[in-house]
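The values are calculated or read from the model by the stated rules, or taken from the named source; none is laboratory data. These numbers come from a predicted model, not from an experiment. Here Cβ is always computed from backbone atoms with ideal geometry, including for glycine, and neighbour counts include all displayed protein chains. For the accessible areas, the whole protein counts, side chains as well, though only heavy atoms, and no ligand, DNA or RNA atoms are used. Shrake-Rupley method; radii C 1.70, N 1.55, O 1.52, S 1.80 Å.
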Amino acid sequence: MKNSIYYKILIGYIIFATLSLLLINTVISYKVMNMETARQAAELSSQADSVSSYCIKNNYYVHNSSNSSFNSSSDNYQKNMDRIPLTQDITLWIAGPANTILYSSFPQENPEKLPNLSEYFKNTYYAVGDFFGETKEEWLTVYSPIEKDGQNYGYVILNKPMPVVKNSHTRIMNMINITFIMMFAISMIILVIFSVCVYKPLTKIMTASKEYAMGNYKYKGLKIHSQDEMKILADSLTFMSSAFQNLYTAQKKFIANISHDFRSPLTSIKGYVEAMLDGTIPLKAQEKYLNIVLSETERLNKLTGSLLTLNSFDANGTMLELTDFDFLTIAKSTIASFEGQCNAKNIKIRLNHEHNAYLVHADQMKIQQVIYNLIDNAIKFSPNDSEIIITVYNKNGKVFIAVKDFGVGISSENQLKIWDRFYKVDDSRGKDKKGTGLGLAIVKEIIVAHNENINVISTEGVGTQFVFSLSKGKG
């Protein structure tokens, strides 16, 4: 569980949420506090400038040669200053040039004295503090000079308690935290959807792959109902398991067949040799049985050669040496090599063709092997005193070759199986039981390697015809 992708993603989500909340409530909170303080300071500064303009406009100051100060002795002064619209949490001070408080909207909160404003504000228009310990709590303070004709008559100072500013900051941070929590909740919903749509199918695929790896190719638990890449992957894995199952079955069948085909001649050889050694077979009859041993040895040699041929096809992908050659030439030479077998069964091989030459582009040695195997197969399954017809003709830009016999034929259900290695149809083998079951498999491999096709047409009791195509040569 701890090593699963889902577990890692879940832990990653939790770590992400924890670090995000920590970041929001430290660095981002600090930035928001600074921004909110600056925003409210700008609002206070605007109000301070308005109050300063109001004082200049209403001549709330005195001016003579010896003294210039704010005029706080006017009868309407206190009344008019109280009319300035300020929010409840803002304190207004009017200070003279000597930093003395001449007017306060909340006298009970006045400090005993004001510090030097230039030192307190440090070249900024606002400051946060308690006037160097003169007030009970921290304030956000801004000031605006009361000036006319270049002459300074005092200052307008506005104060706002920092808890009010912090309350605003808290509201903003609450909105940020709630927004993040909502986004995280949505992401968790996405994670749940991910687990249903991706993780669960993935676990099914992993389980199936383990079952297939252990050889359980009949495992049926891999069922994905979605129509996406997971479905494609599951179907591919199911197809692969089916192919492995077929391969495993074919391998068992291959081993059984090859064991049988090797055991039979070896048993005969062993039996005859032992009989000759212990005297069961008299000396005069040994020549006959030695010929049988030789025949069985040749059968083993032929079987071994066929296996090596098929193995070279599998290992090398059937490497071809393509050349242009006359098919009739190799066909005639191959037919001549069967003269002895044909005479023994009184079989005639007839080669039909319209032209004097049929130039093809193929591997000459391998095509000769194809013709040899097909003729050998036809002779094997043909009755005595019959005929084998080989027809060569041009069609659709290719050269076609048909090898037809009039033997026992092949049933329709067996026609697709004859290309399998070691496959033998008992009722179509005739009297010759020495076939290896590899001849047609080799033929199929060679023709497919040439990117051509071979087909069989057969009727039981009538005969069989194999037809394959080759590319035309240039000439």
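With a 1.4 Å probe and all protein chains in place, put Asp324, Asp149 in order of accessible area, largest first.
Asp149, Asp324
Can you work out the FRET efficiency for the pair Ile56 and Thr18, with r the C-beta to C-beta distance and R0 = 51 Å, to the nearest 0.05? Don't jump to the answer; show the numbers that get you there.
Details: r = 56 Å, r/R0 = 1.10.
With R0 = 51 Å, the Cβ-Cβ based efficiency is 0.35.
Cα to Cα, under 16 Å, and not fewer than 8 places away if on the same chain: which aspartates and glutamates meet these conditions relative to Lys148?
Cross-link targets: Asp49.
So what is the accessible area of the chain per residue, in Å², with the probe set to 1.4 Å?
Here the residues of the chain average 59 Å² of exposed surface.
Any chance you could check the Cα centroid distance between the stretch 385-414 and the stretch 161-175 for me, in angstrom?
Comparing the Cα centres of the stretch 385-414 and the stretch 161-175, I get a distance of 97 Å.
Run the simple label-point estimate for Ala275 and Asn25 please: 7 Å along Cα→C-beta, distance reported in nm.
Label at Ala275, label at Asn25, 9.9 nm between them.
Applying a 10 Å radius around every beta-carbon, put 95-102, 352-359 in order of their mean neighbour count, most first.
95-102, 352-359
Quick one: of the DSSP bridges fully inside the chain, what percent are antiparallel, nearest 5? The partial results should precede the final answer.
Values: 51 of 57 bridges.
DSSP beta bridges in the chain are roughly 90 percent antiparallel.
Using only DSSP helix segments of four residues or longer, with each worth -39500 (n - 2.57), what per-residue ellipticity at 222 nm results for the chain after dividing by its residue count and rounding to 500?
After summing the helix terms and dividing by residue count, I get -16500 deg cm²/dmol.
Once neighbouring chains are kept in place and the probe is 1.4 Å, which whole percent of the accessible area of the chain is contributed by carbon and sulfur?
Roughly 56 percent, rounded to a whole number.
For Rg and Dmax of the Cα atoms in Å, which listed value, (i) 21.1, 74; (ii) 52.6, 163; (iii) 26.7, 84, comes from the coordinates shown?
Calculated Rg and Dmax of the Cα atoms in Å: the matching label is (ii).
Please sort 29-36, 51-58 by packing, taking for each peptide the average over its residues of neighbouring beta carbons within 10 angstrom, highest first.
51-58, 29-36
Give me the distance between the Cα centres of the stretch 202-237 and the stretch 130-154, rounded to whole Å.
For the stretch 202-237 versus the stretch 130-154, the Cα centre distance is 78 Å.
Full extension from Asn455 to Ala42: what is 0.36 nm times the residue separation minus their Cα-Cα distance, to one decimal in nm?
Between Asn455 and Ala42, full extension yields 139.4 nm more.
Between Glu119 and Met183, with labels modelled 7 Å along Cα→Cβ, what's the label distance in nm to one decimal, could you check?
Inter-label distance under the simple model: 4.7 nm.
Which one of Ile28, Ala41, Leu440 is farthest out on the positive end of the charge dipole of the chain, using unit charges on Cβ (Lys, Arg +1; Asp, Glu -1) and the Cα centre as origin?
My answer, from the dipole projection, is Leu440.
Distance cut-off 27 Å, Cα to Cα: go down the list Lys302/Lys395; Lys218/Lys417; Lys220/Lys252; Lys404/Lys444 and report the pairs above it.
Lys302/Lys395
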